[in-house]
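*Asks:* After the structure tokens below, expect a handful of questions from me.
The values are calculated or read from the model by the stated rules, or taken from the named source; none is laboratory data. Model, not experiment: these values are computed from the prediction. A quick note on method: Cβ atoms are made from the backbone with ideal geometry, for glycine too, and the neighbour counts reach across all protein chains shown. In case anyone asks, the SASA skips ligands and DNA or RNA and just uses the protein heavy atoms, side chains included. Shrake-Rupley method; radii C 1.70, N 1.55, O 1.52, S 1.80 Å.
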Amino acid sequence: ELKVEQNPLFLSMQEGKNYTIYCNYSTTSDRLYWYRQDPGKSLESLFVLLSNGAVKQEGRLMASLDTKARLSTLHITAAVHDLSATYFCAVDMKSNYQLIWGAGTKLIIKP
Amino acid sequence: NAGVTQTPKFQVLKTGQSMTLQCAQDMNHNSMYWYRQDPGMGLRLIYYSASEGTTDKGEVPNGYNVSRLNKREFSLRLESAAPSQTSVYFCASRQGQHEKLFFGSGTQLSVL
């Protein structure tokens, strides 16, 4: 059974600091996704990571994938308040059309 | 550019009542999904439809039924609502098996 674990589940940090969210998964997979959800809103796609060593960056967010370690990271550089949200990772199951989701990391960035 | 449209946005039901959540996408996507989101539990898949004419159970299908009416529309029905079905429901779609999902705005459902 494919399991996806995120840590930390909750993170409170100061503006200007750097931090990393981790996403571990238990079996091989082709794709890993990062999504953002603002309070009371829907989910928005941030990154799609396709292969080992993939790195994608958008503004202050950078995501990477290590398929051998079954680990993805979402790195936040010089955090700003607007990045406060819940971040989810999700992994495709190879055998069917399902995605398996992590529980989410609630990120609060204080001025 | 509508994307994925869900209706209604809010609904309150009494235990035992039935209702249907509607979802439509205008991106010509093949696959459609229904999730529920509960606090601290991430997203759990209820049912999905890999392509028009097919539906499959996800992690938590009990108490729900779905219909893939055509390529655009995928509805979720609660036949006899229970308080445990109080949740936020999201419909999503994607073009193929390994593509990113596009989400609707969600339905906040309360069952009293």
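*Asks:* Among A:Ala69, A:Ser95, A:Gly53, whose Cα projects farthest towards the positive end of the dipole of segment A:46-111, with charges put on the beta-carbon of Lys, Arg (+1) and Asp, Glu (-1)?
*Replies:* A:Ala69
*Asks:* Here is a follow-up. In peptide A:41-52, how many Cβ atoms from other protein chains are near each Cβ within 10 Å, on average? All intermediate terms of the calculation are to be shown ahead of the outcome.
*Replies:* On the way: counts 3, 13, 10, 2, 6, 1, 1, 3, 0, 1, 0, 0.
Across the residues of A:41-52, the mean count of other-chain Cβ atoms within 10 Å is 3.
*Asks:* Go ahead and run the numbers for FRET between B:Leu69 and A:Ser84, Cβ-Cβ distance against an R0 of 30 Å, rounding to 0.05.
*Replies:* Working: r = 38 Å, r/R0 = 1.28.
Efficiency, rounded to the nearest 0.05: 0.20.
*Asks:* Of the residues B:Lys71, B:Lys57, B:Lys14, which exhibits the maximal mean-square fluctuation in a Gaussian network model of chain B defined by a 10 Å Cα contact cut-off?
*Replies:* Residue with maximal mean-square fluctuation among B:Lys71, B:Lys57, B:Lys14: B:Lys14.
*Asks:* Same structure again: Compute the distance in nm between two label points, each set 7 Å from the Cα along the Cα-to-Cβ direction, one at B:Val12 and one at A:Thr77.
*Replies:* Reported label-point gap for B:Val12 and A:Thr77 is 4.9 nm.
*Asks:* Pairs B:Lys9/B:Lys71; A:Lys68/B:Lys71; A:Lys3/B:Lys14; A:Lys56/A:Lys106; A:Lys17/A:Lys68: which are spaced more than 32 Å apart, C-alpha to C-alpha?
*Replies:* Numbers: B:Lys9/B:Lys71 22 Å; A:Lys68/B:Lys71 37 Å; A:Lys3/B:Lys14 35 Å; A:Lys56/A:Lys106 21 Å; A:Lys17/A:Lys68 29 Å.
Correct reply: A:Lys68/B:Lys71; A:Lys3/B:Lys14.
*Asks:* For B:Ser18, tell me the accessible area in Å² from a 1.4 Å probe, rounded to the nearest 10.
*Replies:* Only protein atoms counted, so the area is about 50 Å².
*Asks:* Report the calculated FRET efficiency for A:Val55 and B:Met41 (r = Cβ-Cβ distance, R0 = 25 Å), to the nearest 0.05.
*Replies:* Calculated value: 0.25.
*Asks:* Counting other Cβ atoms within 10 Å, keep those with at most 12, restrict to DSSP loop, and tell me which trypsin sites (Lys or Arg not before Pro) in segment A:56-111 are left. Working shown, then result.
*Replies:* Details: sites: A:Lys56, A:Arg60, A:Lys68, A:Arg70, A:Lys94, A:Lys106; in loops: A:Arg60, A:Lys68, A:Arg70, A:Lys94.
Passing sites in segment A:56-111 are A:Lys68.
*Asks:* Please compute the modelled spin-label separation between A:Lys17 and B:His98, points set 7 Å along Cα→Cβ, answer in nm with one decimal.
*Replies:* For the pair B:His98/A:Lys17, the computed spacing is 3.8 nm.
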